[in-house]
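Below is one structure, written out as structure tokens, with a few remarks after it.
The values are calculated or read from the model by the stated rules, or taken from the named source; none is laboratory data. Just so you know, these numbers come straight off a predicted model, no measurement behind them. As a convention, Cβ positions derive from the backbone with ideal geometry for all residues, glycine included, and neighbour counts pool all protein chains shown.
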Protein chains: 2
Amino acid sequence: MSEHRFTRRAAIGGAAAGAAGAALPRASTAGAAAPRQMEADVVVVGAGLAGLMAARRLAHAKKSVVVLEADNRVGGRVLNLPIVGGKITEGGAEFIGETQTHIAALAKTLGLKTFKTYNEGNNLYYRNGTALPYNTTGPLGPVPPDPTGSAEAFKALQQLNQMSRDINLNEPWNSANAAEYDGQTFETWKNNNVFTPSGKFLLDVACTSVFSAEPRDVSLLFVLFYIAAAGDETHPGTLDRLVTTSPGAQSDRIVGGTQLIPIRMAKGLGKRVVTGSPVRKITQKKDRVIVESDKLTAVGQRVIVAIPPALAGRLQYSPALPALRDQLTQRMPMGSVMKVIAVYDEPFWRKDGWSGQVVSDKGPAQVTFDNTPPEGKPGALMAFIEASTSRRLNAVSKGTLRSMVLDNFATYYGDKARSPIAFYEKRWDNDIWHRGCPVAVLPPGVLLDYGPAIRRPVGRIHWAGTETATFWNGYMDGAVRSGERAAADVLAVLA
Amino acid sequence: MSEHRFTRRAAIGGAAAGAAGAALPRASTAGAAAPRQMEADVVVVGAGLAGLMAARRLAHAKKSVVVLEADNRVGGRVLNLPIVGGKITEGGAEFIGETQTHIAALAKTLGLKTFKTYNEGNNLYYRNGTALPYNTTGPLGPVPPDPTGSAEAFKALQQLNQMSRDINLNEPWNSANAAEYDGQTFETWKNNNVFTPSGKFLLDVACTSVFSAEPRDVSLLFVLFYIAAAGDETHPGTLDRLVTTSPGAQSDRIVGGTQLIPIRMAKGLGKRVVTGSPVRKITQKKDRVIVESDKLTAVGQRVIVAIPPALAGRLQYSPALPALRDQLTQRMPMGSVMKVIAVYDEPFWRKDGWSGQVVSDKGPAQVTFDNTPPEGKPGALMAFIEASTSRRLNAVSKGTLRSMVLDNFATYYGDKARSPIAFYEKRWDNDIWHRGCPVAVLPPGVLLDYGPAIRRPVGRIHWAGTETATFWNGYMDGAVRSGERAAADVLAVLA
């Protein structure tokens, strides 16, 4: 399979693609050797939540639209994993929570039901060989009960919340102290404000579990923006919400798995969605835009590129992108993460009073959740493998990874954990259509000099994706919001 | 023109490409519609100094080689600009200096002569509306004579030199204090060690003029590595050498312009060099590698990719690159810089006792050089426009840029500067085959987690380019060294 197997046709039929009212794009095939051609009002690149949401809005507005997806499935960073017994768990984004009203509304519209993330019993804090049970309803909120580090970690959390209040969500680069905040790494801020090894460790775990990046990888301004974005128009964002299960960003799950959201959206869009067709080139003409993908060439008035900037930078553009936009795509790397899930006949840890949630200094499985389906069986214990650890291990064999993870699980919950009935992994860094997850993580200086290029259209090219969101950036809710915003932007300018 | 105008041929003839002793690659053309096919021992991507040097070494060793260059010219970041009167100045890399023995030897071998960068009379330091003449032979070395900032800037320079002594050039990530240094930006280090506004300004100018990046954009570890690399096997690198004209990295120029180096190398390689043929895809098979470019598909035993990582990340790879290498390409952005040159009948500033070298807080032309050809006429005043300033201005009109620059030049050297006979600009950020210059600039955390992937081959793919150099990284000398190293690596494994 190659993008070369189709030759382009010289004649692209006229400017006006898909008359208003034509809900389906118009396809044509001219002989076996020619590429399929399609005309639509709007072409969407990427069938993740953002692209599908944009397409859905456009279709509802009676505009013709075609969605080109590189992978053989829809959903992007949202991916169901079928496990034993016909059940489902998630290899990608799985949680929704308070103030994430757009993803919640969408799921409801699609007829999907939610259930509570398992959050009963005690969490486990494991450090320096000692296991301590805790819950998040005490005075320290989500901060684990470290004998020496909790107090200052809690203070740091409050400071970060306070600082995030002054962030301008639409233009973080214009916030008070933006230059100071974007001049330093989160690591620097941590070292200037947290002094015990355990306090630093707790900040490290918060950073790696939220961003899948080390504190040295991200700018303080980006961290504060991300915290500020963890809310909605009436609820200021907080770090507590990011790291707490319930009430927080991890409180609910979707019955049947989160990928049902994009799957049902794609079903509604029908033939408008073309999978297995990577986009290679976007050519802007005076009156139209031509989007070449492996399976077909789509011509529209506008294109919405709904893939992460790092991947969007790998497409060809004619004319070339403006320098600021191109250099932006060089500066928004994806986080580094794997998800691993061990499946057992039942969630045996529950009987021992454990929630399945762990924060640990033992790796690679430092942060875990109970990912058991709503029926309560089979038991599924999920771990995130984050940042440096993911980078170090992304080439090891499945067997090696499995035995390292099961060893961690046995440390937390006993030897039963060593004998799962199945074991699953999803290495996002290795996925060629993603090359990292959950979101682009911005180093110092990027927001300050390149921020304005994140959402600014380039001629007929509009940008969507959770990286462009001002609320819940990096989350499914942000992706949905970005698709809604991009669709509205395009509807406002369509002929 | 499109990469689609050729269809691939199904049959690639056998494994052994170019028998030993075959100095020229074997070409075949099968009909007008088919792509040219070529077989060679080694395929080189990019006809900059690194790629050409590698090809030259391979050809000398009687290996067949083909160099595929995207642009319609050779040289990469080395580019002659013809100016009025049939003379030449440089739009890209132009200086060579002490300890840069590899580029010097190459130029000599190619029959090229050097001349001294004009460095007589006084440099000019312009800050807060005051102009001060200075030279670099005093006790403060290259540090301009700022009334309040020079002393601490000089101390900072000495500290940085001292710290750079402990850098492991082959494995900076294994240096003492690597985690501490790679955890912070150079901006953070500056703010912790330099306290006057003028001292900070002097460090800012040093950083932007060396890296074309702001202090917040780069990791302290990367800065120290780069300083340590500014030397050779017997002369430790120093920041002084980076920022001083002579003796330093800017001491000499090439008669006829630096691009004569790649042009003469390409001439020696003859038909082995194919320009105007962007590489799109690299496919590794068990016994060969297939490199598809717009004009031809080359098949070899090995490929040397001699383009910057950010651009190499935009090619397609089959099988896909390992995750660590792919994520590395997301994390090595190019610096941001333009060069502008005003040409006058003669270098009138010389008569007033000025060297043409300026360090200024007035922009966009904050750092200038006398770029007059060796004949002494016409006069050429060159300025670098760096980092944030380049990013802010890379979309302004030529007229706007010209008038801003000439206004600066008039401030430094009087109203005569307002009336050049010609004005030239080269915006590297906007060049679609470069997307920035002079080098990849590494944010915090990249060397620590991704450093080992910078040079590590991926199967039959080897990496060259100044970004892979351990001496004079970012300079022409580093590019040449990297080509030599890559050729040696490949020669050691060729069948």
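Every test in (1) crowded, with 18+ Cβ neighbours inside 10 Å; (2) not in a loop (DSSP other than H, G, I, E, B) is passed by residue B:98 save one, and that test is (2). Among the residues of the stretch A:416-444, what is the count of those that are farther than 22 Å from residue A:314 by Cα and over 16 Å from the mean Cα position of the chain (by Cα)? Counting residues in the stretch A:416-444 that are farther than 22 Å from residue A:314 by Cα and over 16 Å from the mean Cα position of the chain (by Cα) gives 11. Give the residue that is surrounded by the fewest Cβ atoms within 10 Å (Cβ to Cβ), with candidates limited to residues of the stretch B:438-455 that are more than 9 Å from chain A (Cβ to nearest Cβ), in contact with an Asp or Glu (Cβ under 8 Å, 6 or more places away or on another chain) and assigned to a loop (DSSP other than H, G, I, E, B). Applying the filter and picking the extreme gives B:454.
Picking from residues in the stretch A:154-189 that are hydroxyl-bearing (Ser, Thr, Tyr) and touching a helix residue (DSSP H, G or I) at 6+ places or on another chain (Cβ under 6 Å), the one that is surrounded by the most Cβ atoms within 10 Å (Cβ to Cβ) is A:185.
So if I check each of A:260, A:296, which one is within 14 Å of chain B (Cβ to nearest Cβ) and crowded, with 20+ Cβ neighbours inside 10 Å? Just a single option satisfies the conditions, and that option is A:296. The single condition among (1) facing chain A (nearest Cβ under 10 Å); (2) farther than 30 Å from residue B:382 by Cβ; (3) buried (at least 20 other Cβ atoms within 10 Å of the Cβ) that residue B:335 does not satisfy is (2).
Checked against (1) within 14 Å of chain B (Cβ to nearest Cβ); (2) closer than 25 Å to residue A:103 by Cα; (3) over 19 Å from the mean Cα position of the chain (by Cα), residue A:492 passes all but a single condition, namely (1).
The residues listed here are A:303, A:340, A:299; of these, the one that is among the β-branched types (Val, Ile, Thr), closer than 21 Å to residue A:478 by Cβ and touching a residue at least 12 places away in the same chain (Cβ under 8 Å) is A:303. In the stretch A:344-355, the condition of being more than 14 Å from chain B (Cβ to nearest Cβ) and closer than 26 Å to residue B:453 by Cβ is met by no residue. Within the stretch B:467-485, restricting attention to residues that are polar (S, T, N, Q) and part of a loop (DSSP other than H, G, I, E, B), the residue that is surrounded by the most Cβ atoms within 10 Å (Cβ to Cβ) is B:473. Looking at residue B:29, is it modelled with pLDDT under 95 and of a type in the set (Ser, Thr, Tyr)? Here the answer is yes, as residue B:29 does meet what is asked.
Only one entry of A:410, A:417, A:469, A:387 meets the criterion of being within 14 Å of chain B (Cβ to nearest Cβ) and either in contact (Cβ under 8 Å) with a residue 60 or more places away in the chain or touching a helix residue (DSSP H, G or I) at 6+ places or on another chain (Cβ under 7 Å) (or both), and that entry is A:387. Within the stretch A:391-414, is there a residue that is of a type outside the set (Phe, Trp, Tyr), outside any helix (DSSP H, G or I) and buried (at least 24 other Cβ atoms within 10 Å of the Cβ)? Scanning the stretch A:391-414 turns up no residue that is of a type outside the set (Phe, Trp, Tyr), outside any helix (DSSP H, G or I) and buried (at least 24 other Cβ atoms within 10 Å of the Cβ). Checked against the criteria, residue B:431 counts as buried (at least 18 other Cβ atoms within 10 Å of the Cβ) and without any contact (Cβ under 8 Å) to a residue 24 or more places away in the chain.
Within the stretch A:343-369, restricting attention to residues that are of a type in the set (A, V, I, L, M) and out of contact with any Leu (no Cβ under 6 Å at 6 or more places or on another chain), the residue that is nearest to residue A:422 (Cα to Cα) is A:343.
I'd like the full set of residues that are farther than 15 Å from residue B:127 by Cβ and crowded, with 20+ Cβ neighbours inside 10 Å, limited to the stretch B:195-207. Within the stretch B:195-207, B:207 is the sole residue that qualifies.
Considering the stretch A:136-210, the qualifying helices (runs of 4 or more DSSP H), each wholly inside and each with 2 or more residues that are in contact (Cβ under 8 Å) with a residue 40 or more places away in the chain, outside the structural domain of residue A:364 (by TED's automatic domain parsing) and hydrophobic (A, V, I, L, M, F, W, C), run over A:150-164, A:178-182. Would you please name the residue that is surrounded by the fewest Cβ atoms within 10 Å (Cβ to Cβ), looking only at residues in the stretch A:299-332 that are more than 14 Å from chain B (Cβ to nearest Cβ) and farther than 16 Å from residue A:433 by Cβ? Residue satisfying both the conditions and the ranking: A:301.
Here is a check on your reading of the model: is residue A:399 within 13 Å of chain B (Cβ to nearest Cβ) and not β-branched (Val, Ile, Thr)? So residue A:399 fails the test. Is it the case that residue B:481 is in the same structural domain as residue B:292 (by TED's automatic domain parsing) and over 30 Å from residue A:389 (Cβ atoms)? Yes. Applying the condition of being within 22 Å of the chain's Cα centre (by Cα) and of a type outside the set (A, V, I, L, M, F, W, C) to the stretch B:186-208 and asking which residue is farthest from residue B:441 (Cα to Cα) yields B:204. The set of residues in the stretch B:184-211 being farther than 18 Å from residue B:227 by Cβ and within 12 Å of chain A (Cβ to nearest Cβ) consists of B:191, B:200.
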